[in-house]
């Protein structure tokens with residue numbers, strides 16, 4: 001499951017040798033994220049986000065377990081126990097804000113991780129399974145985040161739960177029974193809150209399990225890289241440790257600084273004020289909006305305003321919203337250009353940029369009230385979203401003429417450094433770039 | 001096969017979205033949406049500056065005490081403050097004995113059970129108690145307030161956009177609706193004759209739907225007598241109570257900012273070291289061979 005030149009684990013200390021015979025866990029770690037895993041030497045900072053997503057999950061689990069120690073999953077006291085955590089538990093405010101903002105930062109790094117994969121073609125053979133498992137993690141994250149948002153039992157919690165479970169109500173015939181079954185009642189109540197708490201506690205560990213599969217599947221072909229050219233020999237790789245542990249250490253520092261700025265100085269910026277009002281089934285908020293990370297999908301849901309013959313617009317919106325994520329599962333087979341990296345695909349690159357802007361527009365519209373002109377804008381943006389993945393991408397991969405690829409990873413690295421060396425040498429008289437072909 | 005299927009699915013969704021867009025656009029042009037009275041006349045909160053603004057802002061203890069006095073003498077007659085306990089008042093600069101006295105003398109009593117008979121009774125609050133609610137339940141609250149339930153104020157400044165400025169603006173924002181014009185010079189009752197404030201409500205352009213059940217709570221300068229010599233103008237009292245309610249909503253604000261500063265300084269140093277370690281480890285790989 002690795003390259004033949006991968007470094008071998010040889011424990012020197014007798015205790016480690018004893019351990020290796022009984023339970024070779026250090027060996028597993030060494031081969032997974034240690035010196036035993038050779039990684040392309042040319043990864044850029046976009047390759048930091050996988051580790052950062054793992055870090056975000058750890059932060060969520062640690063803060064979440066502590067939150068759970070002080071939380072009462074009962075509709076009569078849930079709101080008050082969260083407030084009590086904020087006020088009377090030592091550093092409870094820190095745990096609560098870290099957990100709430102941690103969810104947002106988890107999504108930020110995961111979205112960047114997904115966009116990295118989309119641009120550099122990481123979903124293509126031989127890494128389809130890595131991509132598919134990643135999407136499973138993303139779906140689990142969405143479910144976990146949605147249920148977590150219900151737990152404080154504020155107004156947006158309650159009405160968000162009502163709207164999202166109401167989506168299932170759009171399914172003909174069985175819709176309403178399904179909604180009732182999900183909620184454990186006809187409207188969100190104590191039964192819903194309890195099951196959401198139970199599942200919200202469970203799913204992060206399921207995510208952790210799928211992450212292990214995700215990394216396992218990744219280690220079979222090894223990591224991709226910005227050129228998309230596969231590893232050809234030992235000169236193309238460096239051991240994960242210390243090279244990428246050092247780089248990820250720096251990345252984690254930057255991540256934690258940005259996270260801390262948000263957590264300590266603007267902890268409520270990403271939340272909605274209405275969630276500081278206790279849930280009230282008799283008073284509907286003026287605008288029900290989910291958390292920001294669901295806005296693009298919420299915009300797609302609301303973009304369908306016209307019935308398609310006997311299919312109601314609401315059902316179309318629900319189908320489209322689920323389709324907008326499910327279509328990503330087919331991506332490895334929709335885009336069959338042999339070139340992975342967007343850097344060598346001039347036409348793809350332009351459309352990819354449009355897609356990024358399109359998703360940002362969808363996100364903006366999803367957070368805005370459901371009125372004009374936002375609905376019309378999200379209709380056009382949602383149309384592009386579907387057209388991009390289902391029509392444009394397959395066509396590009398058929399007709400595009402890619403740029404010439406570098407012969408190997410090492411060649412691309414040396415090329416970059418020699419150009420940089422020449423530029424550096426220009427103003428200085430004594431500098432000698434010393435180009436060389438040696439690995 | 002996947003690509004052919006995808007093509008038709010994509011064509012369907014994209015096509016129907018564009019049809020929806022065209023129908024929406026035609027409707028938009030044929031019947032442009034009419035502006036609502038809220039859209040035309042609702043005002044964003046006023047600009048007002050507080051000591052706790054900015055990343056290094058802290059609460060002004062004397063202002064919080066003044067704000068607490070306004071809450072005690074004016075707001076607490078109708079509004080509860082259920083997430084705050086008397087003991088929390090020590091953060092405002094009161095000592096233990098003062099807090100005990102404040103609790104004991106509180107006008108509303110804490111519900112309890114008579115230990116001898118088991119009957120419902122009341123007693124003086126103690127510092128460990130949360131502020132007792134002015135009404136026994138929502139039905140009583142609604143019955144006493146023209147069918148509107150006065151909301152709990154513990155979290156009010158976090159439950160509204162720009163909450164501190166909102167509370168200040170709302171309290172000082174009551175206007176006479178007769179002849180009221182917005183910044184564009186449009187007169188409300190001329191533009192929207194049906195939007196006349198109903199009997200029993202009060203016109204306030206800072207309230208989301210412009211008509212508020214609460215009567216103006218601060219009506220005259222000197223309604224409260226401050227012990228620290230500050231002149232109790234309506235504007236001053238409104239600012240003070242807004243500051244107090246910011247504290248009730250976010251009592252740990254100062255701890256949070258202090259902890260944040262220490263954390264970020266630590267992280268900057270750690271990240272700087274991590275960067276140097278990264279450069280050091282990669283030094284031989286970054287050179288051109």
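Things to note:
- For region A:232-257, filtering for residues that are farther than 30 Å from residue A:405 by Cβ and more than 10 Å from chain B (Cβ to nearest Cβ) leaves 0.
- Residues of region A:184-215 satisfying the condition of being free of Cβ contacts under 8 Å to residues at least 24 places away in the same chain and over 21 Å from residue A:106 (Cβ atoms): A:184, A:185, A:186, A:191, A:195
- Condition met for residue A:301 (surrounded by fewer than 21 Cβ atoms within 10 Å (Cβ to Cβ), within 13 Å of another protein chain (Cβ to nearest Cβ) and part of a helix (DSSP H, G or I)): no
- The C-beta contact set for region A:396-422 (first residue under 23 Å from residue A:233 (Cβ atoms) and away from chain B (no Cβ under 14 Å), second residue modelled with pLDDT under 90 and in a helix (DSSP H, G or I), distance under 6 angstrom, 6+ apart or interchain) comprises A:406/A:412.
Here is a yes/no grid of residues against (1) more than 14 Å from chain B (Cβ to nearest Cβ); (2) touching a strand residue (DSSP E or B) at 6+ places or on another chain (Cβ under 6 Å):
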| residue | (1), (2) |
| --- | --- |
| A:8 | yes, no |
| A:22 | yes, no |
| A:29 | yes, no |
| A:35 | no, yes |
| A:52 | no, no |
| A:56 | yes, no |
| A:61 | yes, no |
| A:67 | yes, no |
| A:72 | yes, no |
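- Qualifying residue in region B:34-43 (condition: within 28 Å of residue B:231 (Cα to Cα), within 14 Å of chain A (Cβ to nearest Cβ) and within 24 Å of the chain's Cα centre (by Cα)): no
- Which numbered condition residue A:266 fails, given (1) out of contact with any helix residue (DSSP H, G or I) (no Cβ under 6 Å at 6 or more places or on another chain); (2) closer than 30 Å to residue A:414 by Cβ; (3) facing chain B (nearest Cβ under 10 Å): (2)
- Checking residue B:170 against (1) in a loop (DSSP other than H, G, I, E, B); (2) in contact with a strand residue (DSSP E or B) (Cβ under 8 Å, 6 or more places away or on another chain), the condition it does not meet: (1)
- Residue check for residue A:84: under 22 Å from residue B:259 (Cα atoms) and in contact (Cβ under 8 Å) with a residue 40 or more places away in the chain: no
- Qualifying positions in region A:120-165 - over 18 Å from the mean Cα position of the chain (by Cα) and surrounded by fewer than 18 Cβ atoms within 10 Å (Cβ to Cβ): A:125, A:126, A:163
- Just one of the listed residues (A:189, A:228, A:185, A:253) is within 28 Å of residue A:340 (Cβ to Cβ) and in the same structural domain as residue A:159 (by TED's automatic domain parsing), namely A:228.
- Residue match in region A:381-394 (condition: without any contact (Cβ under 8 Å) to a residue 12 or more places away in the chain and more than 8 Å from chain B (Cβ to nearest Cβ)): no
- Being closer than 25 Å to residue A:416 by Cβ, in contact with a helix residue (DSSP H, G or I) (Cβ under 6 Å, 6 or more places away or on another chain) and assigned by TED's automatic domain parsing to the domain that holds residue A:146 holds for only one residue in A:246, A:279, A:217, and it is A:246.
- Qualifying residue in region B:266-289 (condition: closer than 25 Å to residue B:67 by Cα and not in a helix (DSSP H, G or I)): no
- Boolean, residue B:24 is buried (at least 18 other Cβ atoms within 10 Å of the Cβ) and out of contact with any strand residue (DSSP E or B) (no Cβ under 6 Å at 6 or more places or on another chain): yes
- Residue match in region B:249-268 (condition: away from chain A (no Cβ under 14 Å) and within 30 Å of residue B:170 (Cβ to Cβ)): no
- Selection within region B:55-97 - modelled with pLDDT under 95 and touching a strand residue (DSSP E or B) at 6+ places or on another chain (Cβ under 8 Å): none
Conditions tested, residue by residue: (1) closer than 24 Å to residue A:312 by Cβ; (2) surrounded by fewer than 14 Cβ atoms within 10 Å (Cβ to Cβ).
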| residue | (1), (2) |
| --- | --- |
| B:4 | no, yes |
| B:9 | yes, no |
| B:42 | no, no |
| B:47 | no, yes |
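- Unique residue being within 30 Å of residue A:327 (Cα to Cα), without any contact (Cβ under 8 Å) to a residue 40 or more places away in the chain and over 42 Å from the mean Cα position of the chain (by Cα) when the list is B:21, B:7: B:7
- Checked against the criterion of being more than 18 Å from residue A:227 (Cα to Cα), in contact with a helix residue (DSSP H, G or I) (Cβ under 9 Å, 6 or more places away or on another chain) and either not in a helix (DSSP H, G or I) or not assigned by TED's automatic domain parsing to the domain that holds residue A:44 (or both), the candidates A:76, A:94 yield just one match: A:76.
- Set B:128, B:141, B:107, B:116: member being in contact with a strand residue (DSSP E or B) (Cβ under 9 Å, 6 or more places away or on another chain) and either surrounded by 15 or more Cβ atoms within 10 Å (Cβ to Cβ) or outside any helix (DSSP H, G or I) (or both): B:128
- Residue check, residue B:220 without any contact (Cβ under 8 Å) to a residue 60 or more places away in the chain, part of a loop (DSSP other than H, G, I, E, B) and within 18 Å of residue B:75 (Cα to Cα): yes
- Condition check for residue B:53: out of contact with any helix residue (DSSP H, G or I) (no Cβ under 7 Å at 6 or more places or on another chain) and either in a loop (DSSP other than H, G, I, E, B) or buried (at least 16 other Cβ atoms within 10 Å of the Cβ) (or both): yes
The values are calculated or read from the model by the stated rules, or taken from the named source; none is laboratory data. Here the structure is a predicted model, which is why all the values come from computation and not from measurement. So basically every Cβ, Gly included, is an ideal-geometry build from the backbone, and we count neighbours across all protein chains shown.
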